[in-house]
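Computed from the coordinates by the stated procedures, all read-outs in this text should not be read as laboratory data. As the structure is a prediction and not an experimental result, all values here were calculated from the model. When we count neighbours, we look across all protein chains shown, and the Cβ atoms used for this are built from the backbone with ideal geometry, even at glycine.
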Amino acid sequence: MVKIDAHHHLWKYNPKTHDWIDNSMGLLKRNFLPEHLYGEMQSAAYNGCVAIQASQTEQETDFLIREAAKYPFIKGVVGWLDLREPSLDKKLKYYKNFPVLKGLRHVVQDEPDEKFLLDKDFMRGISLLEKYNLTYDILIFPRHLKVASEFVQYFPKQKFVLDHIAKPTIKKSVISPWKEDILQLAKYENVYCKVSGMVTEADWNLWKCEDFIPYLDVVFEAFGVDRLMIGSDWPVCKLAGMYKEVMGIVENYLSDDHAKEKVLGRNAIEFYSL
């Protein structure tokens with residue numbers, strides 16, 4: 001079985017660039033590079049991974065592309081470009097020279113406009129991605145899910161993936177209206193979902209595997225085994241657990257070999273064209 005970690009980050013730590021890392025996340029205030037990740041992937045028998053942007057600059061995209069060129073186990077990159085930029089098409093033509101760039105992401109969860117996804121300039125940018133065979137990672141909070149459902153309906157052929165199951169409040173066992181909104185979003189068959197980022201939405205120190213089962217039940221009901229992919233969210237996951245431990249939450253939930261093959265690797269390979 002080919003196992004792919006569909007969501008991790010890399011960075012050379014800079015307090016200005018990574019200002020989202022506050023004092024409660026002190027252990028993240030250092031470099032996290034491919035050589036640090038590789039041993040952890042090996043310990044959990046993962047063969048490849050997809051590196052996801054952590055800061056919103058083109059320099060970040062270029063950095064991830066360079067790292068992928070040096071480390072073949074990085075099978076794909078999801079970078080950042082300003083999707084609202086009038087000259088986006090020109091930028092996309094340039095980045096077509098780097099086949100390892102598989103998609104783009106914007107940190108929508110931090111935008112003050114709750115309906116940012118429906119911004120006309122942003123949507124114009126999204127409309128160009130299919131032409132270049134680029135995916136789009138949706139990074140939002142539960143309160144944005146209804147807007148996300150409205151958003152994706154305008155792009156029926158665009159490949160979308162929801163990051164971190166939209167970050168439900170696992171620490172307080174909140175299910176609704178997150179559940180209902182997830183089920184609605186999943187009706188759009190071009191939308192996938194990453195079972196990732198869950199431990200940092202739980203109690204970092206006291207979580208147990210049982211805490212995640214109600215949320216896993218929902219996303220498996222909504223997306224099925226054909227549209228889910230595992231991700232570590234390394235190194236952010238280290239705030240709440242070790243790599244192998246975090247991946248084990250989803251691995252232990254899966255009950256049969258077919259589901260494991262799909263969720264632990266095959267779906268990411270097909271979605272990102274790895």
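Annotations for the structure displayed:
- Taking V152, V77, V108 as the candidate residues, the one with maximal mean-square fluctuation in a Gaussian network model of the chain, Cα springs under 10 Å, is V108.
- Put simply, the amide H of H9, placed in the peptide plane, has neighbours under 5 Å in I52, W234, V236, leaving out anything fewer than 5 places away on its chain.
- Selected from A69, A186, A54 as most flexible by GNM, with the chain as the system and alpha-carbon contacts under 10 Å: A69
- Mean ellipticity per residue at 222 nm, deg cm²/dmol - from DSSP H runs of n ≥ 4 across the chain, formula -39500 (n - 2.57): -9500 deg cm²/dmol
- Within region 4-272, antiparallel bridges make up roughly 5 percent of the DSSP beta bridges whose residues both belong there.
- Taking amide H as placed 1.01 Å from N in the peptide plane, G197 has its amide H under 5 Å from the amide H of D233, each at least 5 places away in sequence or on another chain.
- When the chain is treated as a GNM with alpha-carbon contacts under 10 Å, the residue of T135, T17, T169 showing the greatest mean-square fluctuation is T17.
- Estimated dipole of region 30-165 in Debye, rounded to 20 [Cβ of Lys and Arg +1, of Asp and Glu -1, Cα centre]: 500
- For G76, nonlocal amide neighbours, meaning residues 5 or more places apart or on other chains whose placed amide H falls under 5 Å from its own, are C49, A51.
- For L88, net neighbour charge (Lys/Arg +1, Asp/Glu -1) across residues whose Cβ lies under 15 Å away: +2
- Measuring between their Cα centroids, region 57-110 and region 177-209 lie 25 Å from each other.
- 3J(HN,Hα) couplings calculated from phi for region 47-61 with the Karplus curve 6.51 cos²θ - 1.76 cosθ + 1.60 (θ = phi - 60°) are, in sequence order, 8, x, 7, 10, 8, 10, 4, 10, 9, 9, 9, 5, 4, 4, 4 Hz; Gly and Pro show x.
- Solution diffusion estimate, µm²/s, Stokes-Einstein, region 4-272, Kirkwood Rh from C-alpha pairs, 20 °C, viscosity 1.002 mPa s: 115
- Simple rule: put +1 on each Lys or Arg Cβ and -1 on each Asp or Glu Cβ in region 125-187, find the dipole, and look at Y132, Y154, I175; the Cα lying farthest toward the positive end is I175.
- Dipole of the chain, positive direction: furthest Cα of A259, L83, F98, with charges on the beta-carbon: F98
- Whole-Hz Karplus values for region 22-36 come out as 8, 5, 6, 10, x, 5, 8, 7, 7, 6, 10, 10, x, 5, 7 Hz, taken residue by residue from phi with 6.51 cos²θ - 1.76 cosθ + 1.60 and θ = phi - 60°; glycine and proline positions read x.
- Ranked by how many other beta carbons lie within 10 Å on average, peptides 253-265, 226-238 from highest: 226-238, 253-265
- Using the Karplus relation 6.51 cos²θ - 1.76 cosθ + 1.60 with θ = phi - 60°, the per-residue 3J(HN,Hα) values for region 84-95 come to 8, 5, x, 8, 4, 4, 5, 5, 5, 4, 5, 6 Hz, with x marking Gly and Pro.
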